[in-house]
Amino acid sequence: MKLTDISNDINEWFSGSGPLADVVISSRIRLARNLAQHKFLSRCSTTEKSQILKKLKTTLMSLDLGEKVFYLSVDKADALNKRFLVERHLISRHHAFGEGPRGVVIAEQQSFTAMINEEDHLRMLVLKGGLQLTICGKQINRIDDMIERNVDYAFSTRYGYLTACPTNLGTGIRVSVMLHLPALKLTGQIEKFFNAAKDMNLAVRGLFGEGTEAAGDFYQLSNQATLGVSEADIIRQFEKTTIPEVVEYENAARNQLLANQSDILDDKISRAMALLKNARLISSHEALFLLSHLRLGINMRNHMGASTPAIKNLCGPSNLDNPRGPSIKTINRLFMVTLPAHLQLNYGKALEPADRDLLRAKIIRSALNAEDKTNQ
């Protein structure tokens, strides 16, 4: 399977489906594991890294993971393919541009990925659309158990699973939820969200993880403590309490915009639609910013029955009872396929920034105007 087979469409987990999907983009659970009788990667020779890679690749490719999988040698991939995998959230930046033998096993629907020789010997992820952490937990535990029947993990009866970074010690689990929080940003309440997360010992990161900014009003919220806390407790707390509370705050901010700042809301949505339908040059950052405002308007129309001039305009030639304007799936797809590496991979070659901005604008114009024609 080639990366171009998946590069022109969205992941299953980014389709806009699943519980609370108007705010919760995706749920992700990651497990960090290391093999017994091998050094941590920071102390490994190239030969030992190759041995670890071979053993884990063979094991993973032999398992019944529920869908077809394919393998990619990350260390042998070119820079564009590496950036594409990062944009898809299939590997980390650290894994993409690290050193030594390393690879990734990816499910065709991209709901599962396993990084070999990232920071730990094995980091596996399960992703689902919306708030589906319990389902993610069951799937990744099943896969983890299958792997553990074939290899010996580094495990301590006192400390649990041994990991390269002490913050992952114990269960080795990292629960992460990607959230779209434009109303908290527009109403000036996003700092309260940051402070509340810090008080609860949670990490807030940008669209592409650690060290990245919250482009498009997307934020990743994840646990930091893994030692002395069970996987089930972490998942339960996130799914039943933490994330529903954040969703409630975002929805309250959306209602506040509608009740008290409808002119500001209309201006943001109208400007976004006008620019995206007519601009000839759009940077990646600007596209994420404008698409975020469209996504907000569409979700307020679909989930809140909101009605303002700009939101009505999103319905095209129909009405709020029968909306036929841009769909969330269309907007989500544009978020993904207009990212720099996606653009270039789908175009077939590397492009200069100005050429990417030109192509990005053309793709967005074509998608939005095509929907208008379909709805007439």
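The values are calculated or read from the model by the stated rules, or taken from the named source; none is laboratory data. Remember, it's a predicted structure, so these values are computed and weren't measured experimentally. Please note: Cβ atoms are built from the backbone with ideal geometry, for glycine as well, and neighbour counts cover all protein chains shown.
In the list Ser50, Ser62, Ser26, which residue meets the criterion of being of a type outside the set (A, V, I, L, M, F, W, C) and touching a Phe, Trp or Tyr at 6+ places or on another chain (Cβ under 7 Å)?
Going through Ser50, Ser62, Ser26 in turn, just one is of a type outside the set (A, V, I, L, M, F, W, C) and touching a Phe, Trp or Tyr at 6+ places or on another chain (Cβ under 7 Å): Ser26.
Got a sec? Which helices (runs of 4 or more DSSP H) wholly within region 215-308 have at least 2 residues that are among the basic types (Lys, Arg) and either over 30 Å from Ile173 (Cα atoms) or over 18 Å from the mean Cα position of the chain (by Cα) (or both)?
The helices (runs of 4 or more DSSP H) meeting that bar are 262-278, 284-304.
Quick check on my filter: what residues within region 322-344 are farther than 14 Å from Ala287 by Cα and either over 23 Å from the mean Cα position of the chain (by Cα) or modelled with pLDDT under 95 (or both)?
The answer is Asn322, Pro323, Arg324, Gly325, Pro326, Ser327, Ile328, Lys329.
Would you check which residues across region 137-168 are part of a loop (DSSP other than H, G, I, E, B) and more than 14 Å from Leu35 (Cα to Cα) and list them?
Thr157, Arg158, Tyr159, Cys165
Condition first: crowded, with 18+ Cβ neighbours inside 10 Å, of a type outside the set (A, V, I, L, M), in the same structural domain as Glu108 (by TED's automatic domain parsing) and more than 28 Å from Phe155 (Cβ to Cβ). Can you find one or more residues in region 61-70 that meet it?
There is no residue in region 61-70 that is crowded, with 18+ Cβ neighbours inside 10 Å, of a type outside the set (A, V, I, L, M), in the same structural domain as Glu108 (by TED's automatic domain parsing) and more than 28 Å from Phe155 (Cβ to Cβ).
Take region 144-167 and flag every residue that is modelled with pLDDT under 95 and β-branched (Val, Ile, Thr).
Once the filter is applied, which keeps residues that are modelled with pLDDT under 95 and β-branched (Val, Ile, Thr), region 144-167 yields Thr157, Thr163, Thr167.
Does region 115-124 contain at least one residue that is buried (at least 21 other Cβ atoms within 10 Å of the Cβ) and either of a type in the set (S, T, N, Q) or not assigned by TED's automatic domain parsing to the domain that holds Ala21 (or both)?
The answer is yes, given that some residue of region 115-124 is buried (at least 21 other Cβ atoms within 10 Å of the Cβ) and either of a type in the set (S, T, N, Q) or not assigned by TED's automatic domain parsing to the domain that holds Ala21 (or both).
Residues in region 222-264 that are under 29 Å from Glu286 (Cβ atoms) and in contact with a helix residue (DSSP H, G or I) (Cβ under 6 Å, 6 or more places away or on another chain): how many?
Qualifying residue count for the region: 4.
Looking for something touching a residue at least 60 places away in the same chain (Cβ under 8 Å), assigned to a loop (DSSP other than H, G, I, E, B) and at positive phi - is there at least one such residue anywhere in region 26-45?
Yes: one or more hits.
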